[in-house]
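Student: Could you have a look at this structure, given as structure tokens, before my questions?
The values are calculated or read from the model by the stated rules, or taken from the named source; none is laboratory data. Note that the structure is a prediction, hence the values are computed from the model and not measured. Methodologically, a virtual Cβ is constructed for each residue, glycine included, from the backbone with ideal geometry; neighbour enumeration extends over all protein chains shown.
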């Protein structure tokens, strides 16, 4: 076998490692981005107000259609570090204010890896390389995060697409429209 051919084969075989996605691509935060979801709990909108390389502030509004609890309005601060993305959310409704810290994603996003929050919720990377179809389009190479509460898997898995972010959520619903992300 000639040397050039051997080098070409070696480069092709190593290409997937060089092209591997950064875990941070699954939750890009760009100022001006707007995400709209529709699900069983109503319409949910997230607007990225400001963003830097490692921090973003969002406004999150859920139109519940429920006259008792009314609309939920929240502000969130997302921080990204080498170990993942954490969100601090403060949600206000007619019933009061709720604050919560959540480890949204933990790096590396390896199938089977787990992390938990302080409310008996466990997050687990259930799959990678998944294709997800929602009203906003078809998204490839997604990662699925499964959510467990007190040991039981909930119907609240989340799917994140590289370069886009959250595209499907068992609670928020399906992404129906996204703008301002540059794709």
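Student: Kindly check whether there is at least one residue in segment 89-102 that is buried (at least 18 other Cβ atoms within 10 Å of the Cβ), touching a residue at least 24 places away in the same chain (Cβ under 8 Å) and within 15 Å of the chain's Cα centre (by Cα).
Tutor: The answer is no; no qualifying residue exists.
Student: Something else about it: Going by what's in this entry, would residue 26 be described as within 14 Å of the chain's Cα centre (by Cα) and either within 30 Å of residue 151 (Cα to Cα) or at pLDDT below 90 (or both)? Write out each step before concluding.
Tutor: Values: within 14 Å of the chain's Cα centre (by Cα): yes; either within 30 Å of residue 151 (Cα to Cα) or at pLDDT below 90 (or both): yes.
Here the answer is yes, as residue 26 does meet what is asked.
Student: Does residue 109 satisfy being touching a helix residue (DSSP H, G or I) at 6+ places or on another chain (Cβ under 8 Å), at pLDDT 90 or above and not in a strand (DSSP E or B)?
Tutor: Working: touching a helix residue (DSSP H, G or I) at 6+ places or on another chain (Cβ under 8 Å): yes; at pLDDT 90 or above: yes; not in a strand (DSSP E or B): yes.
When the stated conditions are applied, residue 109 passes them.
Student: Among the residues of segment 143-183, write down those that are part of a strand (DSSP E or B), under 15 Å from residue 109 (Cα atoms) and in contact (Cβ under 8 Å) with a residue 40 or more places away in the chain.
Tutor: From segment 143-183, those part of a strand (DSSP E or B) are 143-149, 152-153, 158-161, 165-169, 173-179; that's our starting set.
Restricting the remaining residues to those that are under 15 Å from residue 109 (Cα atoms) gives 143-147, 158-161, 165-166.
If the condition is that a residue be part of a strand (DSSP E or B), under 15 Å from residue 109 (Cα atoms) and in contact (Cβ under 8 Å) with a residue 40 or more places away in the chain, then 143, 145, 160, 161, 165, 166 are the ones that fit.
Student: Give the residues of segment 112-156 that are surrounded by fewer than 12 Cβ atoms within 10 Å (Cβ to Cβ), under 25 Å from residue 35 (Cα atoms) and at pLDDT below 90, sorted by residue number.
Tutor: 155
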